[in-house]
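The values are calculated or read from the model by the stated rules, or taken from the named source; none is laboratory data. Just so you know, these numbers come straight off a predicted model, no measurement behind them. Virtual Cβ from ideal backbone geometry, glycine too; neighbours counted across all protein chains shown. Just so you know, the surface numbers come from the protein's heavy atoms only, side chains and all, with ligands and any DNA or RNA stripped out. Shrake-Rupley method; radii C 1.70, N 1.55, O 1.52, S 1.80 Å.
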Amino acid sequence: MERDGSSLHDAAHADALHTAGAAALLGTLFHLSVAIRDEEFERIMLPFIGLACAVFSGTVCAFAAFGQLGIVQALLKTVLVATGFNTGLFLSIGAYRLFFHRLRKFPGPFAAKLTKFHAVYRAAKTLQLHREREALHEQYGDVVRVGPREVSILRKSALPLIYGPMTDCRKSSWYGQAGHDTSRASLHMERDRKSHRMRRRAWDRAFSTKALLSYEARIATLADTLVKQIQKTNGQPVNSTEWAMFYSFDVMGALAFQDDFGQMKSGVENSSIKGIHDTMSLIGVLGNAPWSLVLAGCLPESTSGFANFFKVCAAQLKEKEKTFKPDEMPQDILSWLLKATNERDATAPPTRKALEDDVRFMIVAGSETSATSVAYELYFLAKHPEIQEKLRAELLKAVPGGVSNWTYDKVKEISYLDDFINETLRLKPPVPLGIQRETSEKGLRIDDDIYIPPRTTVMIPLQAIQKDPRYWPQAEEFIPERWGERKAEMGTDGAPFFAFGLGPHLCAGKHMAYMSMRIALSKLVMEFDVKFAPGEDGIAFYTQESETFSTLVPPLQLKFTPLK
Ligand code: HEM
């Protein structure tokens with residue numbers, strides 16, 4: 001005790017340079033012995049911050065008690081030690097990441113190799129990280145180091161290896177942003193493969209052919225409301241982005257818990273949805289360094305925009321539980337999950353928290369993505385009148401007598417309608433930056449020339465690869481025929497397309513999404529001639545989207561003229 005006391009006394013009275021130097025050495029040793037272990041920082045961050053605060057306060061007390069310093073001097077001395085320690089720690093981390101890290105040979109921006117803050121900063125600056133990624137690949141080639149342990153890969157052959165059914169990559173630490181106890185998280189954030197496989201089955205039942213059939217009429221009714229609301233505008237300019245959003249969120253409300261958000265009727269954004277939109281950019285930016293999102297989650301104000309939405313979802317869940325009828329076939333997605341819970345089925349969300357998170361996820365995942373797609377579909381109709389004409393002719397061929405004879409069975413068979421939708425999803429995938437995975441302990445061999453080391457975060461830039469001219473001839477052009485009559489000539493079958501993901505995590509709502517897009521698009525094209533409104537050229541709409549994992553698109557003014 002006395003020895004400790006006297007060494008602390010010596011340390012407390014050592015000159016500043018010696019103190020800072022010794023602390024820096026300690027920081028370096030800490031990195032080389034403990035921090036270098038590649039632990040996911042998100043996982044240990046909160047205990048780590050707690051420990052750091054405890055060590056800091058303990059050091060102040062020790063300097064005051066044993067070093068016989070006044071409290072202010074003890075505090076200043078501790079700040080000096082902390083500064084020295086952190087300088088040593090961060091210099092060691094920087095040198096390691098640049099010169100010794102297993103990804104050191106991959107090219108990329110200097111700052112990106114050092115810190116994830118590079119991506120956070122770039123995302124905050126432009127909200128267009130997907131476009132920046134495209135430019136980085138042009139500059140550095142097919143494999144770019146976009147973070148200390150992240151690489152972006154623009155190579156078709158990597159697609160099945162990273163995402164396909166047989167992949168041994170798993171979800172990266174990005175999916176731990178809402179906490180690492182996956183038994184409390186939504187299906188989307190479930191990183192454990194076995195649990196994911198089980199839980200996915202309950203979701204798949206909610207999107208079976210039988211279930212989809214029961215959703216059809218509700219979607220068609222909302223599409224009719226959309227048509228009626230647009231008719232009321234009498235050919236005046238309409239912000240089509242807003243109506244695409246109203247439609248898609250209301251469809252999700254109607255299918256998730258049989259209670260839409262009332263946006264189609266009111267023509268006003270529901271306040272709980274507005275909260276989501278107000279918060280999404282922040283989440284999109286911070287998601288580039290998932291630990292910062294964990295930290296932000298501890299500050300209630302940062303995600304307060306979500307509070308209202310959380311309340312709405314919780315109320316819907318309670319209501320649905322009250323009215324749930326175990327003997328009847330579920331009529332909405334949430335009831336399918338409740339059925340599994342009620343039957344104590346192993347495929348049910350494992351905890352109450354997981355169920356609550358699933359409810360929120362089904363709305364966000366299903367709405368924002370579909371809204372973006374419908375908005376771009378309307379843009380492409382206006383941009384390409386000849387394609388709009390051709391689509392209308394195909395629709396009228398399949399639905400003789402026009403819109404009064406419309407049935408979903410007739411339009412779902414029109415291949416040109418799907419070609420149009422697919423071409424939209426190719427050029428403007430709603431998740432444009434891509435989906436992160438982590439390589440296994442074996443690493444990942446791609447062709448003969450690329451080897452990605454173990455435990456590396458990997459992603460394929462989704463929009464960039466779907467516009468890569470090596471795989472897509474006339475890549476920037478909107479050519480729906482490449483999915484149909486010109487398929488063989490344009491090599492579409494072999495080209496990379498994964499707007500809905502791939503493999504075990506393929507979008508569960510894919511068929512429902514096609515259904516809601518087909519219904520809205522077919523009704524609108526049969527009812528209206530769609531053009532840019534006077535003064536609108538669509539350029540800002542097409543180029544100024546914000547990437548927030550999914551996409552937020554700017555307003556687009558369109559003119560809908562009723563067809564005779
Ligand atoms: C155009 C519309 C849509 C697009 C482009 C789209 C795209 C995607 C993508 C890329 C993923 C993979 C995400 C990842 O691995 O992190 C995904 C997953 C998912 N999507 Fe969609 N989605 C759409 C509509 C929907 C709809 C309407 C629903 C209905 C609720 C839905 C439910 C889901 C679910 C549950 C997952 C998680 C699947 C899993 O992890 O097993 N999506 N979606």
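Ignoring ligands, DNA and RNA, what accessible area per residue does the chain give at 1.4 Å, in Å²?
45
What do you reckon, how do Cys169, Cys298 stack up by accessible area (1.4 Å probe), largest on top?
The ranking, largest first, comes out as Cys298, Cys169.
Would you work out the relative contact order for segment 295-419, in percent, from Cα pairs under 8 angstrom that are 6 or more residues apart?
That works out to 14 percent.
7 Å from Cα along Cα→Cβ at both Arg344 and Lys105: what's the point-to-point distance in nm?
5.5
Using the Cβ atoms and a cut-off under 11 Å, what net charge is assigned to the surroundings of Phe528, where Lys and Arg are +1 and Asp and Glu are -1?
Cβ neighbours under 11 Å give a net charge of +2.
Compute, for Lys428, the solvent-accessible surface of its heavy atoms (probe 1.4 Å) with the complete set of protein chains present, and express it in square angstrom to the nearest 10.
That residue has around 10 Å² of solvent-accessible surface.
In whole Å and largest first, what semi-axes does the C-alpha gyration tensor of segment 393-534 yield when each eigenvalue is scaled by 5 and square-rooted?
Taking √(5λ) for each eigenvalue gives 36, 17, 14 Å, largest first.
Probe radius 1.4 Å, ligands and nucleic acids left out: which of Leu226, Leu8 has the largest accessible area, and how do the rest follow?
Heavy-atom accessible area, descending, gives Leu8, Leu226.
How much length is gained on full extension from Asn239 to Ile49, taking 0.36 nm per residue of separation minus their Cα-Cα distance? Walk me through the numbers before you get to the answer.
On the way: separation 190, 0.36 × 190 = 68.40 nm, distance 4.66 nm.
Gain on stretching Asn239 to Ile49: 63.7 nm.
For the chain, which DSSP H helices look membrane-span-like by this rule: Cα extent along the axis of 30 Å or more and mean Kyte-Doolittle of at least 1.0?
Taking the DSSP H segments of the chain (at least 30 Å long, mean hydropathy at least 1.0), we get 41-66, 71-95.
Please go through segment 77-120 and write out the trypsin sites (Lys or Arg not before Pro) that DSSP classes as loop and that have at most 14 other C-beta atoms within 10 Å.
Arg102, Arg104, Lys105
Obtain the nm distance between the two label points defined at Asp10 and Ala475 by a simple spin-label model: each point lies 7 Å from its Cα along the Cα-to-C-beta direction.
6.4
Taking the mean number of other Cβ atoms within 10 Å as a proxy for protection, how do you rank 540-546, 555-561 from highest to lowest?
On the way: 540-546: 16.9, 555-561: 19.4.
The peptides rank, most packed first, as 555-561, 540-546.
Ignoring ligands, DNA and RNA, please state the percent of accessible area on the chain from carbon and sulfur, probe 1.4 Å.
Of all accessible area on the chain, carbon and sulfur atoms account for 59 percent.
Evaluate the relative contact order of the chain (contact order divided by residue number), counting alpha-carbon pairs under 8 angstrom at least 6 apart; express in whole percent. Can you show the working numbers first?
Working: 863 pairs, mean separation 109.3, N = 564.
It comes to 19 percent, rounded to a whole number.
P(r) for segment 186-295: what percent of alpha-carbon pairs falls in each 5 Å bin, starting at zero?
The distribution over segment 186-295 is 2, 10, 14, 15, 14, 17, 14, 8, 4, 1, 0, given as percents.
Between the alpha-carbon centers of segment 88-104 and segment 367-408, tell me the distance in whole angstrom.
A separation of 54 Å, based on Cα centres.
What does the extension gain come out to for Leu98 and Val403, with contour length at 0.36 nm per residue minus their alpha carbon separation?
Details: separation 305, 0.36 × 305 = 109.80 nm, distance 6.28 nm.
Net length gain for the segment: 103.5 nm.
Between Lys311 and Lys487, what is 0.36 nm times their sequence separation minus the Cα-Cα distance? Round to one decimal in nm.
Net length gain for the segment: 58.6 nm.
In the chain, if the dipole is taken from +1 on Lys/Arg beta carbons and -1 on Asp/Glu beta carbons about the Cα centre, which of Ser415, Pro554, Ser335 is farthest to the positive end?
Farthest towards the positive pole: Ser335.
Counting pairs of alpha carbon atoms under 8 Å apart in space and at least six apart in sequence, what relative contact order in percent does segment 242-331 give?
That works out to 25 percent.
Tell me which residues come under 5 Å, amide H to amide H, from Asp192 once H is placed; ignore anything under 5 positions away on its chain.
So Asp192 has HN proximity to no qualifying residue.
Would any residue of segment 338-353 have its amide N under 17 Å from a label point 7 Å out along Cα→Cβ of Arg197? List them or say none.
From segment 338-353, the list is 346-348.
Place +1 on the Cβ of every Lys and Arg and -1 on the Cβ of every Asp and Glu in the chain, take the dipole about the Cα centre, and give the residue among Pro469, Met45, Ala254 whose Cα lies farthest towards its positive end.
Met45
Which value in deg cm²/dmol, rounded to the nearest 500, describes the helix-derived mean residue ellipticity at 222 nm for the chain, given -39,500 (n - 2.57) per DSSP H run of n ≥ 4 and division by the residue count? Let's see the in-between values first.
Values: 24 runs with 318 residues, N = 564.
So the helix-based figure for the chain works out to -18000 deg cm²/dmol.
In the full protein assembly as shown, how much of Trp336 is accessible to a 1.4 Å probe, in Å² to the nearest 10?
For Trp336, solvent-accessible area is about 20 Å².
Obtain the radius of gyration and the Kirkwood radius of segment 31-150 from its C-alpha atoms and give Rg over Rh.
So for segment 31-150, dividing Rg by the Kirkwood Rh gives 1.12.
Take the alpha-carbon centre of segment 461-512, take the same for segment 302-360, and report the distance between them in whole Å.
So the separation of the two Cα centres works out to 34 Å.
Accessible surface of Cys53 in the full protein assembly, 1.4 angstrom probe, to the nearest 10 Å²?
80
Given 10 Å bins starting at zero, what is the percent of C-alpha pairs of the chain in each, up to the one with the largest pair distance?
Values per bin, smallest distances first: 3, 15, 24, 24, 16, 9, 5, 2, 1, 0.
Taking a 21 Å limit on the Cα-Cα distance, which of the listed pairs Lys228/Lys274; Lys171/Lys274; Lys156/Lys467; Lys156/Lys487; Lys410/Lys467; Lys210/Lys318 fall beyond it?
As for pairs spanning more than 21 Å Cα to Cα, those are Lys228/Lys274; Lys171/Lys274; Lys410/Lys467; Lys210/Lys318.
Taking the Cα centre of the chain as origin and charging only Cβ (+1 Lys, Arg; -1 Asp, Glu), how large is the dipole, in debye to the nearest 20? Don't skip to the end; give the middle numbers.
On the way: 68 positive and 65 negative charges, 136 e Å.
Computed about the Cα centre, the dipole is about 660 debye.
With a 1.4 Å probe and all protein chains kept in place, how do Asp224, Asp250, Asp357 rank by accessible area, largest first?
Listed by decreasing accessible area, they come as Asp224, Asp357, Asp250.
Using the charge dipole of segment 334-425 (Lys, Arg: +1 at Cβ; Asp, Glu: -1 at Cβ; taken about the Cα centre), state which of Gln388, Ala398, Val359 has its Cα farthest towards the positive end.
After comparing all options, I get Val359.
Does segment 173-228 come out rounded, prolate or oblate by the C-alpha gyration tensor, with a ≥ b ≥ c the root eigenvalues, rounded set by a/c under 1.5 and, if not, prolate when a/b is larger than b/c and oblate if not?
The shape class here is oblate.
Can you tell me the order of 314-324, 66-76, 20-30 when each peptide is scored by its average per-residue count of other Cβ atoms within 10 angstrom, highest first? List each step's numbers first, then the result.
Working: 314-324: 13.7, 66-76: 15.5, 20-30: 17.6.
Highest mean packing first, the order is 20-30, 66-76, 314-324.
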